[in-house]
Structures are given as C-alpha cells and as structure tokens.
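What follows is a single structure, written as structure tokens, with notes after it.
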Amino acid sequence: MTDREQSHTEIGLPSSVADVVRTQAGVRRDSPALTFEGATQTYAQLDQRSSQTANALLAAGVGRGERVAILAPNSPLYFELAFAVSKIGTALVGLNWRLAAAEIEVIVADAAPTVTIVDDAVRHLLTESARAGAGRVLTIDEFAGLVDAADTRDPQTEPDPDDVVFILYTSGTTGVPKGAQLTNHNMSHSAWISGAAYGFTAASTNLVAMPLFHVGGMGYGLSAFFHGGHTVLRRDADAAGLVADIARHGVTHAFFVPAVIQTILAVDGVEDADLSSLELLVYGAAPIGEAVLRRAIAVLGCDFLQAYGMTETAGTIVTLPSAAHDPDGPRVDLLRSCGRPLPWIELRLVDPTSLVQGSATDPGLVADVPTGEVGEIWTRSAQNTPGYRNKPEATAEAITADGWLRTGDAAYADAEGYLFLFDRFKDMIVSGGENVYPAEVENVLYDHPDIAEVAVIGVPDERWGETVKAVVVVRPQRCGDGPTAGPDALAEALIDLCRSRLARYKCPTSFDFTDALPRNASGKVLKTTLRAPYWEGHDRRIS
C-alpha cells in the first residue's frame, strides 16, 4: 500500500467485487439495490441471484481464471454476472454490440470465453467464425433457465484481490481493440472514488445509462453498491427517459457525457420537470462548454463534476470538483480543465522527446516538462491495469518497469496543479512544422453560441503538409434563439473568433457542417473516422 493510499484507508476497500454485494446483503438485506424497467431487486435478492449465476457458470464448465462474455444491451444480468464471476474467480468480458460483426469476431478470438451469453436482438453480430471461438453460446433466455435451476447458496470461493474480474476492450480508436485486464483490487478503488469524490452514501440513488461493456458504465455503475445505495439502470441514454427516471426515482447522482447533457436540455418540458432530487452530475470524455454549463445549472439545479480516467485506470483518476464549475467566478478558465488527481493517484507530465534517449521501460531516462508546458500524462496507482490480455509488447510499451502507465494524452498543468487536456498525441496536427492541439482550437470554437459540437482534425495540405479543419454541428434552433447565420456566414464568424484568440497557424482553414459527429460507446469523438476520407491516397497514419 502506497503512502497516498494509506491516507484513505479509513474509507475501507472491499477485498473483491463479490464482497460488495455480500457485505451489503448482510447489513441492508431488504434495501433496494437495483431497479430496471420497473422491477427492483433488494440486496438480498441480488446477492442470491449472483450466487445462482455463479453456480450456473460452474455447471456450464467455467473454471477459475477463465472468461465469460456477454453481448447484450444494458440489463441487470451485467451486474449479476459482475458479482458472480468474482465469486468464482473468473472474468467478465463485455462485448460492444455497437461494433461491426468483424470487430466483435476479433475481440472474441482474443478473449476466448468459455461461455458467451447473447441477446437475441444482437445475435446476428456473432458470426459463424466468432461462434467457433466463443465457447458455449447461450441466449439470455437459455442462460436464465440455467440460473433459475441453480443452487441459491454462495459458492464460497475465496476471490483473490489480484484475480482479473473484468476484461474491458478499449474503443479501438488507435487500431485493433486491446483487452485491459482489471482486477478485484483495481475495481475496489471505486469505493474511494464514489465516496471521496462523488459523495455517495446509503441514501444515494444512482442513474446508470452508459453501456456496461465500457468502464464508464460498469466502473461508474458499481458506485452506489459500494455504499449500499440504490442503482437505477437504463437500457440506453434516451433523454426523455432519463428525465422521467430522475423525477420518478428521486435520483441523486448520474454520469453522462456532455453530448447526452445537451440532449437532456433539449427535452420538451425539461424546465418544468421535478429534478430537485439531483445532487451531482458527473460528466467525462470531453469538457463542458460554458454555454451548455450555464443552461444545465439553470435547468438541472445540481452540482457538476468532471471526471478524467480511462479503461486502463479502472475509471476516474482526476476530477474537477463542483466548486470549480463557476462560469461567473474568477477562475472561469477551469471549465477547460479536467481537474487535479485524486489524493491516492500519482501523476506526472513527461516530455515525449526525452524517450528518444532511452525507452519507456527505462524511466530513469525520461524528463518531466516544466509547469505550463505540454507533456504526456503518466499515472501510477493501484488502479492501473496489470496489462493487456495476450499483448505483452503493448503492455510493455504502455506500462514502465516501475509502474507508470503512459496514457497517450497530451496536457499541461498550471501552478495550482490543475490539468488541462490538449488531446491524444496521435491527434496532434503538424502544420508547417508547428504543433497544433485540436482541443485548444475546439475550446475556442465552443465559445460561439451557435456551436453544439465540434471536432478539429488535420487534413492534407500541399504547402504545409497538414492544415486545420473543423467539423461542426450547429446548435438546433430553440425558442427563436438558434443559429443566427447560414453556413458561410457562420464559418466566417468562427474564423474571426479563432483569429482573435489563436495564432494564425492554429486557426481552421475550412469548415464542414454535419448533423452529428461519430462517437464510440464512451461518447468520445472518433477522429480516425473523420480523418480517414481526407487521407486516402496520402502518406499519413490515420489511426
């Protein structure tokens, strides 16, 4: 245990994911644990159902250290499986049903599950080739029959803190998805995150709508369970349904990406909905624009907290607390920050050029950047993945010999330690030898009232090698306060805005207007997809 961790031991960490439901079933037996589409399980019922699920998996031939996969939209089965696999020392693999069948095939081949459970609605995504590597394939109904018939007693397998409990495949924006392995001990830190950062208690009601095959769904989704609170699960992030559930269930906490927050604000009648129970809205994947924040504060009336983390860190490692979300305060610039590291997290910003002298596995040869200069975020804590499944080279490239995880994210820190993300280093634009970080340009563009969403990418340029392009989603007209100009006039206004605040080489030279930006399951914009058409036939990596 590190010194940073020692200061938070008073909160307590469970030894495993399984022990979370076991403990709460003992002290809050009849309290509501999980509600889905009108049906509620108490903690005692959820504990028993997860024990039946564990016994059904054992009967199906799943052994310790093996894997169970699920291909399905959100449902209680995800949480039942999460607790079940921890009870028997196996790992859960959530398959992203939003991927193409060929992409799922690659993930299944890497995961090599003993059992794969699939929802009929997405069964077509499991190709014949994928089925060959998917072990025993069961529909949700078939598996439910096995669970119903299974022994209700806890199998009492003693989980190890180092057992891999989840394998979450990265979004694949940099190529073939990698399976980040997360252990019981990695995930147990959600007790600290949800308590110290998010303020969960036994009285909390958590609304979970992010996909549970992703860390933003499963990692955050476990938050209320650690404290004996109530979790309300949704199949999807339908905005009208989210608003209705907040009012219906007295939701106190929720996690959404900024794009979802905007859809909530566009729901008819949202201003009149009873959202008074909402205490904290956690958001991530992107900063929140000042205009959106102002309206969200007025409409939702709750505190806001930005969370930065990644699959490989088992969730949040940096937060911008609610006190920093003051659009009228002296530090309005903090709205562009993702915050400061949690107390038990070590973080440094490394000069990537210093790696030329050595390698990531020889950290003595790397140099940190001075305050205010851009470097790559490196982080070290007990939340870090032990590595990627079946990819020792990728693991060695990402994790140094002394435990630092290289995130690939570019950022700088101010004198008070606030972290300002620039972008993935792979998304950096090099125009005429000058480095342009897309997020810096996007932050300026978001200040225009007609912008709903924007993504900045580099496109080919004969003179400069690359030039800056902005792909824009215009804010839909609402109550007569929508876009004030057509595309040409708006593009001109946006250029003027950028030139007033940025060096010329950073300013977009062209704009595309679209109805929506392509995003992955976590809400991050797929810049690979946006760039690809422009770079066909050109010599530049587009991954």
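Yes/no per residue for (1) at pLDDT below 95; (2) assigned to a loop (DSSP other than H, G, I, E, B):
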position	(1), (2)
225	no, no
231	no, no
246	no, no
255	no, no
261	yes, no
276	no, yes
294	yes, no
297	yes, no
305	no, no
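Right, residue 307: among the small types (Gly, Ala, Ser), in contact with a helix residue (DSSP H, G or I) (Cβ under 6 Å, 6 or more places away or on another chain) and closer than 30 Å to residue 180 by Cβ or not?
no
Please work out if residue 340 is at pLDDT 95 or above and of a type outside the set (Gly, Ala, Ser).
It is true that residue 340 is at pLDDT 95 or above and of a type outside the set (Gly, Ala, Ser).
Mind checking which residues of segment 15-51 are surrounded by 22 or more Cβ atoms within 10 Å (Cβ to Cβ), in contact (Cβ under 8 Å) with a residue 60 or more places away in the chain and not basic (Lys, Arg)?
Residues satisfying the conditions are 16, 17, 18, 20, 21, 24, 33, 34, 43, 47, 51.
Among (1) assigned by TED's automatic domain parsing to the domain that holds residue 163; (2) in contact (Cβ under 8 Å) with a residue 60 or more places away in the chain, there is one condition residue 68 misses while meeting the rest; what is its number?
(2)
On the basis of being at pLDDT 95 or above, out of contact with any Gly (no Cβ under 8 Å at 6 or more places or on another chain) and within 13 Å of residue 70 (Cβ to Cβ), does residue 137 make the cut?
yes
Can you spot a residue in segment 150-170 that is more than 26 Å from the chain's Cα centre (by Cα), surrounded by fewer than 23 Cβ atoms within 10 Å (Cβ to Cβ), assigned to a strand (DSSP E or B) and of a type in the set (Lys, Arg)?
There is no residue in segment 150-170 that is more than 26 Å from the chain's Cα centre (by Cα), surrounded by fewer than 23 Cβ atoms within 10 Å (Cβ to Cβ), assigned to a strand (DSSP E or B) and of a type in the set (Lys, Arg).
Is it true that some residue in segment 171-187 is assigned to a helix (DSSP H, G or I) and more than 16 Å from the chain's Cα centre (by Cα)?
Looking for residues that are assigned to a helix (DSSP H, G or I) and more than 16 Å from the chain's Cα centre (by Cα), one finds at least one in segment 171-187, hence yes.
So residue 217 passes all but one of these: (1) modelled with pLDDT under 95; (2) in a loop (DSSP other than H, G, I, E, B). Which condition number does it fail?
Answer for residue 217: the failing condition is (2).
Anything in segment 497-509 that is surrounded by 13 or more Cβ atoms within 10 Å (Cβ to Cβ) and either under 16 Å from residue 435 (Cβ atoms) or touching a strand residue (DSSP E or B) at 6+ places or on another chain (Cβ under 7 Å) (or both)? List them, or say none.
Passing the criteria: 502, 505, 506, 507, 508, 509.
Among the residues that make up segment 29-36, is at least one of them modelled with pLDDT under 95 and of a type in the set (Lys, Arg)? Don't jump to the end; show me each part of the working.
First, the residues of segment 29-36 that are modelled with pLDDT under 95: none.
Looking through segment 29-36, none of the residues is modelled with pLDDT under 95 and of a type in the set (Lys, Arg).
Being farther than 30 Å from residue 99 by Cα, modelled with pLDDT of 95 or more, assigned to a helix (DSSP H, G or I) and not assigned by TED's automatic domain parsing to the domain that holds residue 112 is the requirement here; does residue 47 meet it?
So residue 47 does not fit the description; no.
Please tell me if residue 205 is crowded, with 24+ Cβ neighbours inside 10 Å and not small (Gly, Ala, Ser).
When the stated conditions are applied, residue 205 does not pass them.
For segment 343-364, which positions are part of a loop (DSSP other than H, G, I, E, B), modelled with pLDDT of 95 or more and surrounded by 13 or more Cβ atoms within 10 Å (Cβ to Cβ)?
344, 345
Applying the selection to segment 381-404, what residues are buried (at least 19 other Cβ atoms within 10 Å of the Cβ) and under 19 Å from the mean Cα position of the chain (by Cα)?
The answer is 381, 382, 383, 384, 385, 387, 388, 398.
I'd like to verify a number: residues in segment 273-307 that are under 23 Å from residue 204 (Cα atoms) and more than 23 Å from the chain's Cα centre (by Cα), how many?
8
The values are calculated or read from the model by the stated rules, or taken from the named source; none is laboratory data. Since the model is a prediction, treat every value here as computed from it, not as a measurement. Positions of Cβ are generated from backbone atoms using ideal geometry, with glycine treated the same way; all protein chains shown enter the neighbour counts.
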